[in-house]
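Let me begin by presenting the structure, written as structure tokens, before commenting on it.
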Amino acid sequence: MSEKVVVITGALSGIGEECCREFAKNGYNVVFSGRKAKYGEKLQKELKK
């Protein structure tokens, strides 16, 4: 079994945010971090879709 996982820091805006979306679209499990919890929660909901 081989899962694709990516870790992205600074993921709540700009390039990091777009990278999260692209990796998620391509089947990766995305682990991300950032400084503002409410933005992280919003991004998490979006990526789960």
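Screening GLU22, GLU46, GLU18 for residues that are at pLDDT below 95 and among the acidic types (Asp, Glu) leaves exactly one candidate, GLU46. The set of residues in the stretch 1-20 that are surrounded by 15 or more Cβ atoms within 10 Å (Cβ to Cβ) and under 13 Å from LEU43 (Cβ atoms) comprises ILE8, ALA11, LEU12, GLY16, GLU17, CYS19, CYS20.
Selection of the stretch 33-48 for residues being in contact with a helix residue (DSSP H, G or I) (Cβ under 6 Å, 6 or more places away or on another chain) and assigned to a loop (DSSP other than H, G, I, E, B) yields only GLY34.
Selection of the stretch 14-44 for residues being under 11 Å from the mean Cα position of the chain (by Cα) and either within 17 Å of GLU3 (Cβ to Cβ) or among the polar types (S, T, N, Q) (or both) yields CYS20, PHE23, ALA24, LYS25, TYR28, ASN29, VAL30, VAL31, PHE32, SER33, GLN44.
The values are calculated or read from the model by the stated rules, or taken from the named source; none is laboratory data. Worth saying up front: this structure is predicted, and the values here are computed from it rather than measured. Methodologically, a virtual Cβ is constructed for each residue, glycine included, from the backbone with ideal geometry; neighbour enumeration extends over all protein chains shown.
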